[in-house]
1. Just to confirm a number: summing +1 for Lys and Arg and -1 for Asp and Glu over residues other than residue 25 whose beta-carbon lies under 15 angstrom from that of residue 25, what do you get?
2. Taking the Cα-to-Cβ direction at residue 31 and at residue 49 and moving 7 Å from each Cα, how far apart do the two end points lie in nm?
3. Once you have the alpha carbon radius of gyration of segment 1-44, what is it after dividing by 2.2 N^0.38 Å, with N set to its residue count?
4. When only C-alpha pairs under 8 Å and at least 6 residues apart count, what is the relative contact order of segment 11-70, in percent?
Amino acid sequence: MINVLKALILYRERNNKSEDNLANYLRIQKKAYKRYESWDRESSIEKLYKLAKLYNSTIDDFIYVDEKLTVKSEEVCHQMI
């Protein structure tokens, strides 16, 4: 199912990134990035390509994210070590 919003949040959390980190990486304001995750604003295809590169994934991974995927607290804690 197409769900870019869920994918943006999932990938950010799984990679232990903050909205500030991603806004800086994309060279946009934090409030602009927050709008991507709240679906108030649609991300451009260029921004999705850039995020896919950061996460070592493809744009298809953002579009067809499995809705059953979740972030496990132990995964986030393990990445912080």
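1. Numbers: positive: 12, 17, 27, 30, 34, 47, 50, 53; negative: 19, 20, 37, 46.
Surrounding charge for residue 25 is +4.
2. Between residue 31 and residue 49, the simple spin-label model gives 2.9 nm.
3. Working: Rg = 9.9 Å, N = 44, 2.2 N^0.38 = 9.3 Å.
Taking the Cα Rg and dividing by 2.2 N^0.38 Å, one obtains 1.06.
4. Numbers: 29 pairs, mean separation 12.7, N = 60.
Relative contact order for segment 11-70 comes out at 21 percent.
Quick note: the coordinates plus some simple rules give every number you see, no bench work behind them. Just so we're clear, the structure is a prediction, and the values are computed from it rather than from any experiment. Positions of Cβ are generated from backbone atoms using ideal geometry, with glycine treated the same way; all protein chains shown enter the neighbour counts.
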